[in-house]
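Here the structure is laid out as structure tokens; the discussion comes afterwards.
No lab work stands behind these numbers, since they all come straight from the coordinates. Since this is a predicted model, take the numbers as computed values, not measurements. Glycine gets a Cβ as well: all are built from the backbone with ideal geometry, and neighbour counts include every protein chain shown.
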Amino acid sequence: MKQKRKVRVMVAKPGLDGHDRGARIIARAYRDAGFEVVYTGLHQTPEEIVEAAIQEDVDMIGLSSLAGAHKYLFPRTVELLREKGADDIVVCGGGIVPDEDIEMLKEIGIKKIFTPGTTLEEIVKWVEENVKPR
Amino acid sequence: MDKVVEKVVAGDVRSVARLIRDIDDGIPEVRESLKGLYPYTGNAYVIGITGAPGVGKSTLVDQMLSHIRKKDKTVGVLAVDPTSPFSGGAILGDRVRMQRHSMDSGVFIRSLATRGHFGGLTQSTRSAIDVLDAMGKDYIIVETVGVGQDEVDVVKTAHTTVIVVIPGMGDDIQAIKAGILETGDIFLINKADREGTDKTMSDLRLMIEMDQRKYEGGKWKPPILKTESIIDRGVVEFLEEVEKHKKYLTETTEGLELRKSKGKVREELGEMVKNRLIQEVLSKLTETGEFDGAVQAIVEGKTDPYSACDALVLPRLGLHTG
């Protein structure tokens, strides 16, 4: 039977930041959009996130960071994906990220940063348009 | 040899991950890969873990992983969570409890959603088990929420089926009594520090004892154990029971019969044929528009569903309508 591939995404919380309410709400919104969402839980290292993303064969990793360590954690995740030859997995991020950091993060390969105030509809729409099942 | 087969057998994680995705997405080409992989299967020991949501299955699996890895055995985990019947999406959260093992190359964890597509969870999970088996994993743990018939079937394909309950879920035991409880090889009362453990223990014991005759002649009688997975209490003892059951299956005549019986193969092949037929017929009917046409005709009152079904199915099978 011809079946459409299902979008699989991972919602991950890198680093020591212990606030995952936002990540859970995003996960829920993705579920309601018909995606399969793998949630990693708190306190993940970029290494753990990348390994899990490969095992789960996801199309996108959404990184959530509210504690200011995005300047290390986000680029490191992208770097590891590249090392593993898995840089076809789209990486986006969300949380408290100052405007002046966004340019740098985009340059190193984070496809999109969602800052506070972005609606769930906007986020889901972006994923639908930019993440295709591989 | 098929390139995919070669890579999977060599243990390439990306190829394994991708193949399981293809199986789940129903890509027809996977059948060739699965045929190629079959000769490499049959070495892994499959443990099925089931029980109501929240009884602690994922935490238990996490502890099992630690203990099995200490013995230098490799493990594959398939963790099944339900798909939303409304959006078709799913949140797969079993991994949260097992993430500490994600950097261990001897462990492969994959989350699956029930999806509810024709062809069934049973078939794709069974195929995923074959893939992890061919990949060379010594143990494969399948974790499901024991709610649907499909999932009972998945668990039944395991060598050892483990049913996890928690104290005070008397009604729950009632609810699953007829179905999944009968498939249990080992029973665990998890969160056994809670009130009501002894009562649950005697309920389960009574249930098992009522089947006395089933266990005559050296047949396996399901043990009931208490565990507190979160602090790793009772998990080692539980794994010893798994090993005992494994021994029973591999070394006693009763066990061997059970494991590689014609009946089991018959059941599995029957299941496969059934799914494939549904898939092939339904997709043809959908493609040609016959299916939607029939739906419309029933809605408009031009025919009844029974006649419509005859008209759709019988010609496909080379049979004539009534």
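With equal scatterers on the alpha carbons only and no solvent term, can you work out the Debye log10 of I(q)/I(0) for the range B:253-322 at 0.24 1/Å?
-1.05
Using the C-alpha atoms of the range A:8-124, what convex hull volume per residue, in cubic angstrom, is computed?
Numbers: hull volume 10.2 nm³, N = 117.
Hull volume normalised by residue count: 87 Å³.
Mind listing P(r) for the range B:189-307? All alpha-carbon pairs, 10 Å bins, whole percents.
Distribution as computed: 11, 20, 21, 16, 14, 17, 1 percent.
Rank these for me by crowding, B:70, B:57, B:244, going from fewest to most other beta carbons within 10 Å. Don't jump to the answer; show the numbers that get you there.
On the way: B:70 9, B:57 26, B:244 14.
So the residues, fewest neighbours to most, are B:70, B:244, B:57.
Using only the Cα atoms, work out Rg/Rh for the range B:1-134, with Rh taken as the Kirkwood radius, to two decimals.
Rg divided by Rh gives 0.96.
Report the semi-axes of the equivalent ellipsoid for the protein assembly as shown in whole Å, largest first, where each axis is √(5λ) for an eigenvalue λ of the Cα gyration tensor.
On the way: eigenvalues 265, 201, 98 Å².
The three semi-axes for the protein assembly as shown are 36, 32, 22 Å.
How far is it, in nm, from the label point at residue B:278 to the one at residue B:199 when both lie 7 Å from their Cα along the line to the Cβ?
Simple spin-label model gives 3.9 nm for this pair.
So what is Rg over Rh here for the range A:1-67, counting just Cα atoms and using Kirkwood for Rh? Intermediate values should be presented prior to the final figure.
On the way: Rg = 12.4 Å, Rh = 12.3 Å.
Reported Rg/Rh (Cα atoms, Kirkwood Rh): 1.01.
Over 23 Å between Cα atoms, which of B:73/B:244; B:219/B:247; B:156/B:221; B:3/B:262; A:13/A:111 qualify? Don't skip to the end; give the middle numbers.
Numbers: B:73/B:244 17 Å; B:219/B:247 12 Å; B:156/B:221 16 Å; B:3/B:262 32 Å; A:13/A:111 17 Å.
Correct reply: B:3/B:262.
Just want the ordering: B:265, A:78, from fewest to most Cβ atoms lying within 10 Å of their own Cβ. All intermediate terms of the calculation are to be shown ahead of the outcome.
Working: B:265 10, A:78 22.
Sorted ascending by nearby Cβ count, the order is B:265, A:78.
Counting each DSSP H run of 4 or more residues in chain A as -39500 (n - 2.57), what helix-only mean residue ellipticity at 222 nm follows after dividing by all residues, to the nearest 500 deg cm²/dmol? List each step's numbers first, then the result.
Details: 5 runs with 57 residues, N = 134.
Roughly -13000 deg cm²/dmol at 222 nm, from the helical runs in chain A.
By how many nm would the segment from residue B:292 to residue B:252 lengthen if fully extended, with 0.36 nm per residue of separation less the alpha-carbon distance? Provide the component values of the computation, followed by the final result.
Values: separation 40, 0.36 × 40 = 14.40 nm, distance 5.40 nm.
The span from residue B:292 to residue B:252 would gain 9.0 nm if fully extended.
So how do B:126, A:21 line up by other beta-carbon neighbours within 10 Å, fewest first? Before the final figure, lay out the partial values.
Details: B:126 21, A:21 9.
Listed from fewest to most nearby Cβ atoms, that is A:21, B:126.
With each run of n ≥ 4 DSSP H residues scored as -39500 (n - 2.57), what mean residue ellipticity at 222 nm is computed for chain B after dividing by its residue count and rounding to the nearest 500 deg cm²/dmol? It would help to have the intermediate numbers written out before the result.
On the way: 13 runs with 158 residues, N = 322.
It lands at -15500 deg cm²/dmol.
Taking every pair of Cα atoms in chain B, average 1/r, invert it to obtain the Kirkwood radius, and report Rg/Rh to two decimals. Before the final figure, lay out the partial values.
Numbers: Rg = 21.6 Å, Rh = 21.4 Å.
Looking at chain B, the ratio lands at 1.01.
Nearest 10 degrees is fine. How inclined is helix B:262-288 to the longest principal axis of chain B, computing both from alpha carbons?
40 degrees
Under a 5 Å amide H to amide H cut-off, with H placed in plane at 1.01 Å, what residues pair with residue A:44 once short-range neighbours are removed?
A:13, A:15
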